[in-house]
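Contents: one structure, followed by commentary.
The values are calculated or read from the model by the stated rules, or taken from the named source; none is laboratory data. Model, not experiment: these values are computed from the prediction. Positions of Cβ are generated from backbone atoms using ideal geometry, with glycine treated the same way; all protein chains shown enter the neighbour counts. Heads up: the accessible areas ignore ligands, DNA and RNA and are worked out on the full protein's heavy atoms, side chains in. Shrake-Rupley method; radii C 1.70, N 1.55, O 1.52, S 1.80 Å.
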Amino acid sequence: MPELPHVQVFKEYADATSLHKRIEDVRVQDDRPLDGVSIPRLKKTLRGRTLTSSRRHGKWLFLATDGDPVLALHFGMSGQLVHTTDAKAPDGTVFSLRFVDGSTLAMVMPRMLGKVALTEDVEAFLEEREIGPDALDVEEERFVRRVRTRSGMVKTALMDQGVLAGLGNEMVDETLFMTGLHPRTKVDDLSDKEIVAIRRAAKEATERIVEARARREGLPESMLLRHRGEKDAKCPRCKVPFDRIKVGGRTTYVCPEHQGAS
Ligand SMILES: [Zn+2]
């Protein structure tokens, strides 16, 4: 499921394939992800414009053009970007930009729940949706302060997009695995040092995932994400099977050895 590192990969991919290209046509293959914008407005806004820059915030990707407003994309549970020179858009495309060079940038979403929106002001857009600071852009001290705005379990706090944007179920499990903390640990029981360690782990995990271009096979053996979803997945450090528990209703991987008891 696309979380901060995956959206970072999409950003870099869009930069490499589509920046500085002029949009010849805008196609909406499925209007369900359209969020507060009509097909005619989307087309009118983007047609003839050139993509000039991109920005990621949390799990959102913003694509700016040489006009207003900015295109905002959210990839939901399974979305991704595909750039192609084929005349036909890939299967599962919900929205695509066709450039004057004949290539297409397609938002492919086999399962819905993603979003396509327009905004005049990215900061106001984030505020309206109560999206907190980006988990990686935020400085250390503010990261600690944001986590401390919640008093429940650390996993729930980290997954709350209003606290910090970008971390989802899998990234939170990974960072807690790396720091040796149990997901059910209460925020109040964490030291500032431990919260700082979580931020460093999130940064490191993101770097590894971006390096691997978000492919599981490209991740180091030492990461939980490399093993997540495998049958009988074992902790690469302790060689014991992971416990699979529910935290906040989400399947959570935890090593019974090095992540201790809650
Ligand atoms: Zn372990």
Would you mention how many residues in segment 1-14 are open to solvent by 20 Å² or more (accessible area, probe 1.4 Å), at pLDDT below 95 and acidic (Asp, Glu)?
0
ALA117 fails exactly one of the following numbered conditions: (1) touching a residue at least 60 places away in the same chain (Cβ under 8 Å); (2) open to solvent by 10 Å² or more (accessible area, probe 1.4 Å); (3) outside any loop (DSSP other than H, G, I, E, B); (4) small (Gly, Ala, Ser). What is the number of that condition?
(2)
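Which ones in segment 15-50 are farther than 18 Å from PHE125 by Cβ and either open to solvent by less than 30 Å² (accessible area, probe 1.4 Å) or hydroxyl-bearing (Ser, Thr, Tyr) (or both)? Spell out the reasoning first.
Here is the first cut: in segment 15-50, the ones farther than 18 Å from PHE125 by Cβ are 15-32, 39-40, 43-44, 47-50.
Answer for segment 15-50, where residues must be farther than 18 Å from PHE125 by Cβ and either open to solvent by less than 30 Å² (accessible area, probe 1.4 Å) or hydroxyl-bearing (Ser, Thr, Tyr) (or both): THR17, SER18, ILE23, VAL26, THR50.
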Out of the residues in segment 237-262 meeting the condition of being within 14 Å of the ligand (Cβ to nearest atom) and among the hydrophobic types (A, V, I, L, M, F, W, C), tell me which one is modelled with the lowest pLDDT.
ALA261
With the first residue restricted to segment 214-236 and required to be away from the ligand (no atom under 15 Å from the Cβ), and the second required to be open to solvent by 80 Å² or more (accessible area, probe 1.4 Å) and not aliphatic (A, V, I, L, M), Cβ contacts under 8 Å at 6 or more apart or on different chains are GLY218/GLU211
Set ARG129, ARG145: member being closer than 19 Å to HIS74 by Cα and of a type in the set (Lys, Arg)
ARG129
Criterion violated by THR156 - all others in (1) under 17 Å from LEU4 (Cα atoms); (2) of a type in the set (Ser, Thr, Tyr); (3) open to solvent by 40 Å² or more (accessible area, probe 1.4 Å); (4) within 16 Å of the ligand (Cβ to nearest atom) satisfied
(4)
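Going by what's in this entry, would PHE143 be described as away from the ligand (no atom under 16 Å from the Cβ), among the aromatic types (Phe, Trp, Tyr) and in contact (Cβ under 8 Å) with a residue 24 or more places away in the chain? Spell out the reasoning first.
Numbers: away from the ligand (no atom under 16 Å from the Cβ): yes; among the aromatic types (Phe, Trp, Tyr): yes; in contact (Cβ under 8 Å) with a residue 24 or more places away in the chain: yes.
Yes, satisfied.
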THR175 passes all but one of (1) touching a residue at least 60 places away in the same chain (Cβ under 8 Å); (2) within 16 Å of the ligand (Cβ to nearest atom); which number fails?
(1)
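Does ASP66 meet the test of being at pLDDT below 95 and either open to solvent by 40 Å² or more (accessible area, probe 1.4 Å) or among the polar types (S, T, N, Q) (or both)?
On the way: at pLDDT below 95: no; either open to solvent by 40 Å² or more (accessible area, probe 1.4 Å) or among the polar types (S, T, N, Q) (or both): yes.
Judged against the criteria, ASP66 is not a match.
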One residue from VAL28, VAL70, VAL7, VAL37 being in contact with a strand residue (DSSP E or B) (Cβ under 6 Å, 6 or more places away or on another chain) and closer than 25 Å to GLY229 by Cβ:
VAL7
Please go through (1) farther than 24 Å from ALA214 by Cα; (2) more than 16 Å from the ligand (Cβ to nearest atom) for LEU181 and return the number of the only condition it doesn't satisfy.
(2)
Given the conditions (1) surrounded by fewer than 17 Cβ atoms within 10 Å (Cβ to Cβ); (2) within 19 Å of the chain's Cα centre (by Cα); (3) more than 24 Å from GLU170 (Cβ to Cβ), and given that SER78 satisfies all but one, which numbered condition is not satisfied?
(3)
Conditions (1) in contact (Cβ under 8 Å) with a residue 24 or more places away in the chain; (2) away from the ligand (no atom under 16 Å from the Cβ) -> SER191 fails only (1)
